[in-house]
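Below is one structure, written out as structure tokens; the observations come after it.
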Amino acid sequence: MSIQPIRLFGDPVLRTKAEPVVTFDKELRGLVKDLTDTMLEAGGVGLAAPQLGVSLRVFTYDVDDIVGHLINPTLELSEEEQFGPEGCLSIPGLEYDCRRAFGVVAKGFNEYGDPVTIEGTELLARAIQHETDHLDGILFVDRLDRESRKAAMKAIREAEWAGEKPPEVKVSPHAMFGRAT
């Protein structure tokens, strides 16, 4: 198991649009394993690569005892909406009601580059939308109504973890997880 530190609100990587994966190799499969292990250890329903400091379009999910991942996702959202509680491993201890599409059809790839389609509603749809937002540099607090967002930002400023120094970023001597050079 390879548990990694989760980046917290305020880390610039969480506000950066992630790069598409172009190489499906052993290193990418290691990233998927790290994401999955870290998500499961933290008790989350999803985790995106930027939350581990890797700016690639990859996320994992664990909903209704189904653990999976998606690479380079594209989403088709239902017109029907849901409104309910949402939290984030990068904003620990806080949960606010957030509006999302009720259903989603997500297309992308698995860790071997095979095409994948995931269809879901309710919590699975919410998780897929939340994690795809991470890949676009969007946090769930950005989707809150004005009053809830104001309360969330106040709670974030007062949180015990607020202002913690982000983990040190080390440059890998290895390939860049398929990032275009």
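The values are calculated or read from the model by the stated rules, or taken from the named source; none is laboratory data. These numbers come from a predicted model, not from an experiment. Methodologically, a virtual Cβ is constructed for each residue, glycine included, from the backbone with ideal geometry; neighbour enumeration extends over all protein chains shown. We work out accessible area using only protein heavy atoms, side chains counted, and drop any ligands, DNA or RNA first. Shrake-Rupley method; radii C 1.70, N 1.55, O 1.52, S 1.80 Å.
Name the residue, out of PHE102, PHE83, PHE140, that is touching a helix residue (DSSP H, G or I) at 6+ places or on another chain (Cβ under 7 Å), at pLDDT 95 or above and over 23 Å from THR38 (Cα atoms).
Just a single option satisfies the conditions, and that option is PHE102.
Taking the residues in the stretch 1-31 that are open to solvent by less than 10 Å² (accessible area, probe 1.4 Å), farther than 14 Å from CYS88 by Cβ and not small (Gly, Ala, Ser) as candidates, determine which candidate is nearest to the chain's Cα centre (by Cα).
Once the filter is applied, the top-ranked residue is LEU31.
Give LEU14, LEU56, LEU89 a once-over and let me know the one that is hydrophobic (A, V, I, L, M, F, W, C) and over 30 Å from ALA151 (Cβ atoms).
LEU56
Considering LEU14, LEU40, LEU31, which residue is free of Cβ contacts under 8 Å to residues at least 40 places away in the same chain and within 19 Å of ALA127 (Cβ to Cβ)?
LEU40
State all residues of the stretch 108-163 that are among the aliphatic types (A, V, I, L, M), in contact (Cβ under 8 Å) with a residue 24 or more places away in the chain and open to solvent by 30 Å² or more (accessible area, probe 1.4 Å); if no residue qualifies, say none.
The answer is VAL116, LEU123, LEU124, ALA151, ALA162.
What are the residues in the stretch 92-134 that are in a helix (DSSP H, G or I) and farther than 28 Å from GLY10 by Cα, if any?
GLU122
Looking for whichever is over 29 Å from MET153 (Cα atoms) and in contact with a Leu (Cβ under 8 Å, 6 or more places away or on another chain) here; the options are LEU47, LEU14, LEU31, LEU52. Which one fits?
One residue alone meets the criteria, LEU31.
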